[in-house]
Amino acid sequence: MADASTIRLLDNPLSSDPEAARAKHIGAVPRGVEFLVVGGATLFLYPLLWLLRAAIGLDSAELAVGFLMFHGAHLINDPHFSVTYLLFYKDARRRAFGPTFEAWQRVRYLIAGVFVPLALAAWLLGALVLGSARSLGWAIQLMFLLVGWHYVKQGFGVLSVLSARRGVRYSVLERRALLAHCFAGWAYAWSSPASPAVEAEEKGVIYFSLAHPPLLEQLCAIAFVLSTLVLAGVLVRKWQRERRVPPLAPLTGLLVSIWAWSVYSSADPLLLYMIPALHSLQYLYFVWLLSKNQARAAEQPPFFGPPAPRRLLFLAASSLVLGWLLFHAGPELFDGARRAAQRRTHEPLGELGATPYFAAIFVFVNVHHYFMDNVIWRRENPEMRHLRD
């Protein structure tokens, strides 16, 4: 999602013309719905999931929630990854070599769009060809390291964009305090709990995890506590000076991304299954905002493009199909062929397990997603002006 610079793009989010302002709010999402989709639903899920456990027991509740989230991934999690490819590689030649992007944004685009996927593909293909669970395990651990960065960064983007749309601005000091809390939360979530290097399994791949020393966990915990105190002080100062604090929905989106989905993600055993979907829903809301406003602008002169609902429906359908290809059809094709070959030769599955291609593709898409997001949701991307509407 948006980085720290996006907030400066969104100055004057509403026109001073009352008629224009009213026009922009036609079809606007109710604030209550927005609160829920950007993270507020998590707060209501805690008591609901507790009641579910009390009513049918942990085992039955875990089976029901796990089943629901497994199949819900087809509609929420998978499209949240695949739509990033559709947004990122649209008009790729013009973005990489034309005048659309400034020089540094073109560099970022080429790194995220060419260098990163080539490097990842070489790493993962090498691991598969060599049958190296150790090499594939390192790639999996890179994914786990970066996912926390992605979660908190998206939370900051939620705060930045939605606050700006409500006319709330942050000083340099305030943004630094907010970002410090984000990154301290990321570090603490990754370092906790402290543990030695142990044998782990992910998508069938068996590998040894990286050790997390107790001292590292303690230092990150101290940094997280200090960043919390600093942020609280900065917000109190903002209230004293301006008589305003971050609006409820943006602040909830930020804090839920850090506290509920990252640092204390295991606080509820059932919510743990739902966090990827909640994060994806948060992301898809901003994709919808951006794409809806782009589609509406394309309807107007001099473009006279197709109706906005048709464009949005095509984007949604394309995301669903691409998500199915990336996470289901593609991995099953390669892993199925590998299993058939091993049955013919009577070879054991080994440490790569039964689905190494699924593991490799899953890691590739996740890590590449993080890098593409870091290019899309920046103020240097001229398309971000559509988030003002």
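The values are calculated or read from the model by the stated rules, or taken from the named source; none is laboratory data. Everything quoted here is computed from the prediction, not taken from an experiment. Quick reminder, even Gly has a Cβ in these numbers, built from the backbone with ideal geometry, and neighbours come from all protein chains shown.
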Of all residues in segment 265-274, which are farther than 16 Å from residue 148 by Cβ and in a helix (DSSP H, G or I)? 271, 273, 274
Return a yes/no flag: does segment 153-162 have any residue that is of a type in the set (A, V, I, L, M, F, W, C), more than 19 Å from residue 275 (Cα to Cα), assigned to a helix (DSSP H, G or I) and in contact with a helix residue (DSSP H, G or I) (Cβ under 8 Å, 6 or more places away or on another chain). yes
Any residue that is within 30 Å of residue 360 (Cα to Cα) and aliphatic (A, V, I, L, M) - is there at least one of those in segment 215-228? yes
Among the candidates 175, 169, which residue alone is modelled with pLDDT of 95 or more, in contact with a Ser or Thr (Cβ under 9 Å, 6 or more places away or on another chain) and surrounded by 13 or more Cβ atoms within 10 Å (Cβ to Cβ)? 175
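Could you tell me whether residue 234 is touching a residue at least 24 places away in the same chain (Cβ under 8 Å), farther than 19 Å from residue 151 by Cα and assigned to a helix (DSSP H, G or I)?
When the stated conditions are applied, residue 234 passes them.
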Need a quick list: helices (runs of 4 or more DSSP H) entirely within segment 57-127 having at least 1 residues that are farther than 25 Å from residue 279 by Cβ. 58-72, 92-97, 103-110
Tell me the residue from 280, 318, 262 that is touching a Gly at 6+ places or on another chain (Cβ under 6 Å), at pLDDT 95 or above and surrounded by 15 or more Cβ atoms within 10 Å (Cβ to Cβ), please. 262
Among the numbered criteria (1) over 17 Å from the mean Cα position of the chain (by Cα); (2) surrounded by 19 or more Cβ atoms within 10 Å (Cβ to Cβ); (3) not aromatic (Phe, Trp, Tyr), which one does residue 98 miss? (2)
Run down 387, 326 and say which single residue is in a helix (DSSP H, G or I), at pLDDT 95 or above and surrounded by 15 or more Cβ atoms within 10 Å (Cβ to Cβ). 326
Identify the residue in segment 209-227 that is of a type outside the set (A, V, I, L, M) and surrounded by fewer than 16 Cβ atoms within 10 Å (Cβ to Cβ) and, among all such residues, is nearest to residue 255 (Cα to Cα). 218
Residue among 223, 260, 277, 249 that alone is farther than 27 Å from residue 165 by Cα and small (Gly, Ala, Ser): 223
Can you tell me which residue in segment 101-114 is modelled with the lowest pLDDT, limited to those that are surrounded by 12 or more Cβ atoms within 10 Å (Cβ to Cβ) and among the aromatic types (Phe, Trp, Tyr)? 101
Could you tell me whether segment 203-213 includes any residue that is of a type outside the set (D, E, K, R), outside any loop (DSSP other than H, G, I, E, B) and under 26 Å from residue 282 (Cα atoms)? no
Can you tell me which residue within segment 243-264, out of those that are assigned to a helix (DSSP H, G or I) and out of contact with any Phe, Trp or Tyr (no Cβ under 7 Å at 6 or more places or on another chain), is nearest to residue 37 (Cα to Cα)? 253
Can you name every residue in segment 339-365 that is surrounded by fewer than 18 Cβ atoms within 10 Å (Cβ to Cβ) and either in a helix (DSSP H, G or I) or among the aliphatic types (A, V, I, L, M) (or both)? 339, 340, 341, 342, 343, 344, 345, 349, 350, 354
Go through the residues of segment 144-160 one by one and say whether even a single one is among the polar types (S, T, N, Q), touching a residue at least 60 places away in the same chain (Cβ under 8 Å) and farther than 26 Å from residue 210 by Cα. yes
Residues of segment 128-138 being part of a helix (DSSP H, G or I) and surrounded by fewer than 21 Cβ atoms within 10 Å (Cβ to Cβ), which ones? 128, 129, 130, 134, 135, 138
Scanning segment 366-384 residue by residue, those outside any loop (DSSP other than H, G, I, E, B) and either free of Cβ contacts under 8 Å to residues at least 40 places away in the same chain or within 12 Å of the chain's Cα centre (by Cα) (or both) turn out to be 366, 367, 368, 369, 370, 371, 372, 373, 374
